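What follows is one structure encoded as structure tokens, with my remarks underneath.
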Amino acid sequence: GKPLSFICQLSLSEFNAPPTLQGLPRSGFLFFFYDQDQSTWGFDPADSGSWRVIYSEDEPVPSNEEVPPGLDEENI
């Protein structure tokens, strides 16, 4: 129920995927988010929801949206 911190984005058209990741699309973007408290590792099924990876074909557009309630500004 808490917002996640943005970690990074990856442009797949600029990423030279190794052969072991052949299933990745050749274009689009991956966006990575993680629990701002960094209190989970992801090994426990109870950690579900503490991270997220989103794929989009659309190029990201800069935004000046407000920080979601519950997310510290230093973790944007």
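Reported count of residues in the range 38-64, each being free of Cβ contacts under 8 Å to residues at least 24 places away in the same chain and among the acidic types (Asp, Glu), is 2.
If you take the residues of the range 12-56 that are polar (S, T, N, Q) and in contact with a strand residue (DSSP E or B) (Cβ under 6 Å, 6 or more places away or on another chain), which of them is surrounded by the fewest Cβ atoms within 10 Å (Cβ to Cβ)?
Narrowing the range 12-56 to residues polar (S, T, N, Q): 13, 16, 20, 22, 27, 36, 38-40, 48, 50, 56.
Narrowing further to those that are in contact with a strand residue (DSSP E or B) (Cβ under 6 Å, 6 or more places away or on another chain): 36, 56.
Values: 36: 18, 56: 11.
The extreme case among them is 56.
Every residue, every condition in (1) out of contact with any helix residue (DSSP H, G or I) (no Cβ under 7 Å at 6 or more places or on another chain); (2) of a type outside the set (Phe, Trp, Tyr), yes or no:
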site	(1), (2)
5	no, yes
11	yes, yes
16	yes, yes
26	no, yes
34	yes, no
43	yes, no
54	yes, yes
58	yes, yes
62	yes, yes
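Remark: pairs (first residue in the range 10-35, farther than 24 Å from residue 62 by Cβ; second residue part of a strand (DSSP E or B); Cβ separation under 7 Å; 6+ apart in sequence or on different chains) = 35/51.
Rule-based calculations on the coordinates, nothing more; no lab input. Predicted, not measured: the structure shown is a model, and the values here were computed from it. Note that we place each Cβ from the backbone using ideal geometry, even for glycine, and neighbour counts take in every protein chain shown.
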